[in-house]
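Read the structure below first, then the notes.
No value in this document is a laboratory result; all are computed from the given coordinates. These numbers come from a predicted model, not from an experiment. A quick note on method: Cβ atoms are made from the backbone with ideal geometry, for glycine too, and the neighbour counts reach across all protein chains shown.
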Amino acid sequence: MTPVVLEASAVAPFWEQLFQRYRVMGPKEKEPGFYVFDWLSGPGELVLDYVTTILPPKKAFFPPRDVLFRFEQGRNGTPPKVEPIFEQEPFLLVGVHPCDLAGIALLDWAFSQGHVDPHWWARREAATIIGVNCFPDEYCFCTSVGTCRPGGGYDLFLTPIEAGYFVEVGSEKGQRLLEAYAQRRPPEPNDFRDAERFWREKEERISRRLKTPAYALPLLLDASVESPVWERTAQRCYSCGSCTTVCPTCFCFDVVDELTLDLRKGERVRRWDSCQFLDFARVAGGQNFRGERVARTRHRWYRKFYYLMARYGRPFCTGCGRCARACTANIGLVEVLNELAEGGEP
Amino acid sequence: MIARATFESSERTLYIPTLATLLRVETLTATEKLFELALPNGQALGHWPGQFVEVSLFGYGEAPISLCSAPEDGPTFQLCIRRVGTLTGALHRLEPGAFVGIRGPFGKGFPVEAMEGKDLLVVAGGIGLAPLRSLIRHILAHREKVNRFLILYGAKHPSELLFRPELEEWEAREDVEFHVTVDRPDEGWKGHVGVITTLFPKVDLDSERTVAAVVGPPVMYRFVLLELLAKGIPLNQIYFSLERRMKCGVGKCGHCQINGVYVCQDGPVFSFPALKVLWEAVEARAPVR
């Protein structure tokens, strides 16, 4: 579908129209310099020139606490009642960066393998996604994992240009949104050049790089099982789970029942879990299959760059840099891979 | 770029248990009970030996439990459950008529087709007999499928032996070579004493035509494997069923992952060559508890 230009003067009315008609989740400032995806009360809260958010937008489809169903205990021999919960109210997810679009695409795949996850897909199909081009910082490394330019996954995608926004249309849904609510014009040669410059300058600003080409990471890890890098990294790691909590491609969860105080009703919920936690692989008999911290530390890299990559064909990492920003011990995902690439010597 | 799935309404029940009715509870030992359950409307579970179900009680949670009855045992199915925690404690307090949430069956069971015409050696340690009982009962229902049928079973103590009337039945059968051992005997015990590997010298195997199915505690696998290798059993004729923590049963929650495989989807039954390349598979290097 052909791109269009939204003139600067047409931007505010476009958002006004959308906010009047949809629930909107988008980035807003939580505290100075810290941004979060949240339900927005109006266009005034929407921030589109943010660096990154604390949590990725996967929470729109896979919230940290996700109700699978409600139940009510039976009485006097009657069976319990079960009420499945699916959230399907249409909403807009706006302000999604290219790396986070890639993260959503990776989870689309993960939540479709073997079994289609109905809770992910109910929200996913209710969403219209408006992506926006980004302003990288020193943690970003999307150019190393091929997520710098989105390969799809958006309904509309906005790139700031002189005139306003250069808008790429990714779906019929996006096209309809434009036709209904946007005052727009066809792009002129200048607009294409502006947009291309934005992409290029952005890519040039990204300084963090993997020393191994993405396709070769499984080979690197295959040869690194016994590398001293893991022990060294694990000695600094607190197993706090910050890295997995902020990761746009982590999707491990725990399932628990939460009861009301009278113990008659409750909800079965899934909650984000972390392979870095001590109990993650512990079974009822007491055996813990990843009881050593080094095994858990190593597992994170192997899952992203080996196990899931072998199945999906590309790294389960979007280069967003959130794990390194969040790490309490200042462990860098890129730095560890680069240490391995250099042979693991300190 | 996107492997987009079509969201079918049939997938909506992925995490929703079916309410089965508890028909019968039998106390097997001080810590294990046998539960016989029926799905609504006489529907069969449709499982294969070695598969498991996610069992839940609302308010207590959900856990993966192996089927211990054979598909041939009827539309009802059986679970042998050890009391170890909150959920299993609550299950042990149930009486017939109670409702139990069931999802599944899940996973890949024992490859019976690979056992056909061969000698089948079943090696069960402790509660590992529960999943193997589904295989044993299946084979006994079609005894012609395998040539020799050998069962080695070890428990810590005579009081921990499961399914005692059936053990006697297997012992009495001409077409089953059954050997049982306990680590520590009591006064009445007249049988073999020693860990399960001490039964191996008692059996004479035709290694090339033997297929082994092994289930027990993690510590048992390494030592049983050494015995099987010493007997010369081909690697691809050795099968293990692995226990892992599981929350979903459908390859999502990540808990059961061993290197690149999900035990709930790719297992729980694995051939030895499939496990050999997974360094996380059998080793549990961390101290227990």
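Data for the structure
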| item | result |
| --- | --- |
| Paramagnetic reach from A:Phe192 in segment A:1-32 [backbone N under 13 Å; point 7 Å along Cα→Cβ] | A:2-4 |
| P(r), alpha carbons of segment A:42-130 - 10 Å bins starting at zero, rounded % | 14, 39, 27, 13, 6, 2 |
| Residue among A:Val334, A:Val116, A:Val132 with the largest mean-square fluctuation in a Gaussian network model of chain A, springs linking Cα atoms under 10 Å | A:Val116 |
| Nitroxide proxy distance, nm - points 7 Å out along Cα→Cβ at B:Lys231 and B:Asn41 | 4.6 nm |
| Share of alpha-carbon pairs per 20 Å distance bin for the protein assembly as shown, given as whole % | 18, 44, 29, 9, 1 |
| GluC sites (Glu not before Pro) lying in DSSP loop within segment B:88-171, provided at most 15 other Cβ fall within 10 Å | B:Glu116 |
| Number of partner chain Cβ atoms within 10 Å, mean per residue of A:288-294 | 6 |
| Kyte-Doolittle mean at least 0.0, axial Cα span of 15 Å or more - DSSP H helices of chain B | B:129-141, B:218-230 |
| Inter-chain Cβ neighbour average for residues B:239-248, partner chain, 10 Å | 4 |
| Kirkwood Rh and Cα Rg combined as Rg/Rh, chain A | 1.00 |
| Ordering of A:143-150, A:314-321 by packing [mean C-beta count within 10 Å, highest first] | A:314-321, A:143-150 |
| Two-site FRET efficiency, B:Val203 against B:Leu278, from Cβ-Cβ distance with R₀ of 30 Å, rounded to 0.05 | 0.55 |
| For segment A:217-288, alpha-carbon Rg relative to the globular expectation (2.2 N^0.38 Å, N residues) | 1.55 |
| Net lengthening on full extension, A:Ala8/A:Arg149 (0.36 nm per residue, minus Cα-Cα) | 48.4 nm |
| Quotient of C-alpha Rg and 2.2 N^0.38 Å, computed over segment B:14-106 | 0.97 |
| Those lysines that a straight Cα-Cα span of less than 24 Å connects to A:Lys28, excepting residues fewer than 8 apart in one chain | A:Lys58, A:Lys59, A:Lys202 |
| Volume of the Cα convex hull of segment B:105-195, divided per residue and given in Å³ | 107 Å³ |
| A:His299, B:His179 arranged by Cβ crowding within 10 Å, fewest neighbours leading | B:His179, A:His299 |
| Order of A:Lys211, B:Lys231, A:Lys28 - criterion: other Cβ atoms within 10 Å of each residue's Cβ, fewest first | A:Lys211, B:Lys231, A:Lys28 |
| Ranked A:Tyr215, B:Tyr262, criterion: other C-beta atoms within 10 Å, fewest first | A:Tyr215, B:Tyr262 |
| Quotient of C-alpha Rg and 2.2 N^0.38 Å, computed over segment A:134-233 | 1.51 |
| Using a Förster distance of 25 Å, the FRET efficiency for B:Ala172-B:Val193 (Cβ separation, nearest 0.05) | 0.70 |
